[in-house]
1. Would you point out which residue out of A:I37, A:I22, A:I57 is under 20 Å from B:S218 (Cα atoms), among the hydrophobic types (A, V, I, L, M, F, W, C) and either over 15 Å from the mean Cα position of the chain (by Cα) or part of a strand (DSSP E or B) (or both)?
2. Considering only segment B:205-219, state which residues are of a type outside the set (D, E, K, R) and surrounded by 12 or more Cβ atoms within 10 Å (Cβ to Cβ).
3. When segment B:155-192 is examined, which residues are found to be assigned to a loop (DSSP other than H, G, I, E, B) and either on the phi > 0 side of the Ramachandran plot or in contact with a helix residue (DSSP H, G or I) (Cβ under 8 Å, 6 or more places away or on another chain) (or both)?
4. Within segment A:206-223, how many residues turn out to be assigned to a strand (DSSP E or B) and either crowded, with 21+ Cβ neighbours inside 10 Å or of a type in the set (A, V, I, L, M, F, W, C) (or both)?
5. Which residue, of B:R222, B:R226, is surrounded by fewer than 11 Cβ atoms within 10 Å (Cβ to Cβ), assigned to a loop (DSSP other than H, G, I, E, B) and within 14 Å of chain A (Cβ to nearest Cβ)?
6. For segment B:75-100, name all the residues that are in contact (Cβ under 8 Å) with a residue 12 or more places away in the chain, β-branched (V, I, T) and not in a loop (DSSP other than H, G, I, E, B).
7. Inspect all residues belonging to segment A:40-53 and state whether any of them is in contact with an Asp or Glu (Cβ under 8 Å, 6 or more places away or on another chain), polar (S, T, N, Q) and within 20 Å of B:A215 (Cβ to Cβ).
8. Go through segment A:20-56 and report how many residues are touching a helix residue (DSSP H, G or I) at 6+ places or on another chain (Cβ under 9 Å) and of a type in the set (S, T, N, Q).
Amino acid sequence: MSHHIVELKDLHFLYPDGTEAINGITFKIFHGESVGIAGANGMGKTTLLLNLSGHLIPTKGEIDIGEVNLTKKTRHEIMRKVGFVFQRTDDQLFMPTVYEDVAFGPVNLGLTEEKVDERVKSALDMVGCYHLKDRPPHRLSEGQKRAVSIATVMAMDPDILIMDEPASNLDPKSRRQLINLLKGFKHTKIVASHDLDLILDVCKRCIIIREGRVVADGPAEEILLNKPLLEENSLELPLSRQHSAVRGPF
Amino acid sequence: MTFDLEFFNIGYLDTLSYRNSFVHRLDPRIKIIVSFIFVLFVVSFPKYEISSLIPFFFYPVFLLTAGNIPLKAIAKKVFFISPFAVFIGIFNPLIDTGTLYTVFGVPVSGGWLSFLSILIKYVLTVSTALLLIAVTSFPGICEALERLKLPKVFVIQLLFLYRYLFVLLEESLRMMRARDARSFGNRGKEIKTFVRLISVLLIRSIERAEMIYRAMLSRGFRGEIRVLRRHRINVYDILFLMISVTVFYLFRSFHLVNLLGETFSRVLR
């Protein structure tokens, strides 16, 4: 299975205003892997995701996604392979009704009307929101908006799912539903979040970045329980593990 | 805090449009066409006409009752924008002083009549436009406009306007609240701070527009947005169109109020 590999080679990204957001990142993500990306604010998480999804083109280094090298020419192809769930749902949902929003991607893929309808239905069913199909997005709760956002991306049938802070602004119940939903997906997943409990629940592997560099990369269970490492990176132990970690070896 | 209240007020018309009634179910295209014809008929009357305009209230009243729309919601909005109409006609009584009628011994000048006529036409057309929105969801209107061959660019602009109006309003509402929380009395509410708020809002909207564009690209956007077609014209729509246009035509060509008056006076005699 080599077709959905994500490979970054010495990735650099420089914003036009001179900010060096990414400073040489190299890693490889295999088919079906779920990877959490953690790091303090402003350390380059979002920039990294925007690069991975073809919205920004690296200033140096290379990104290969499923044997396609990211360049200006191939970015549209990459965008099709990569489903990106944005941090703010109001950016993600721009059509007047939920149905039209979910249909937007499939229509652009050039599918027939019946196929589009099928895709919309199955994507909305997947997130349990088919009953909301005629609602305008401004009449949904944040949790519903998040679920619909995911449906809009799933309707594109992406190979790789990328999410930026998927649990922000969600109440505990919606957050739990989201986690269960994510666990059910068999796609390659890349999730950037400060919510380390979510990463621990959803991801097998975790990468910590600081100042645009990878400082740790390994199994989530190991990295997210390494207290000194986390504290060095302005993070702390996942809440679910804090209690047991305090007790330590006793 | 009036701004907060106004904000919720804007959403109200939108809430009404999701009700379910006979007029809500009509095809938006038909409603737009009928309302347009209605407006044409109303403005086609000569400037001193008053009594022949009265029967035309039938149409807005019909939309109001059949659509189960509260009168207050519409009346308030009509009242708030009335200064525009008032200022168009306010000088008519001063310019046009020739006496046209004498009512119970009081001479009525042509200026007053034309002023009143302008106001009636204003109430008729504006309340119909508002009611059209209240009984048709905004996406429905956009769909209709697109299918009536309005250039797609405009339709999509309208759709985005509708989608982000609420988002932007909420954003400005939050900013205003933050300002009010830290300004006391009139300090901090000067025009200077207001200008800054507006500029921050502009920058935020530009940033947001960029993100939305990215979200669109992510889903294969290539410069083409298809508007969903949900409605189909059926027998009721055709009937509604034919009946209402016939009724408007009758109102226009027969002086209904005069006829009624004559019949009444004959009966009384």
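1. A:I57
2. Within segment B:205-219, B:S205, B:A209, B:M211, B:I212, B:Y213, B:A215, B:M216, B:L217, B:S218 qualify.
3. Once the filter is applied, which keeps residues that are assigned to a loop (DSSP other than H, G, I, E, B) and either on the phi > 0 side of the Ramachandran plot or in contact with a helix residue (DSSP H, G or I) (Cβ under 8 Å, 6 or more places away or on another chain) (or both), segment B:155-192 yields B:S183, B:G185, B:G188, B:K189.
4. 7
5. Exactly one of B:R222, B:R226 is surrounded by fewer than 11 Cβ atoms within 10 Å (Cβ to Cβ), assigned to a loop (DSSP other than H, G, I, E, B) and within 14 Å of chain A (Cβ to nearest Cβ), namely B:R222.
6. Result: B:V78, B:V86, B:I88, B:I95.
7. yes
8. Residues flagged as touching a helix residue (DSSP H, G or I) at 6+ places or on another chain (Cβ under 9 Å) and of a type in the set (S, T, N, Q) within segment A:20-56 amount to 2.
The values are calculated or read from the model by the stated rules, or taken from the named source; none is laboratory data. Source: prediction; values computed, not measured. Quick reminder, even Gly has a Cβ in these numbers, built from the backbone with ideal geometry, and neighbours come from all protein chains shown.
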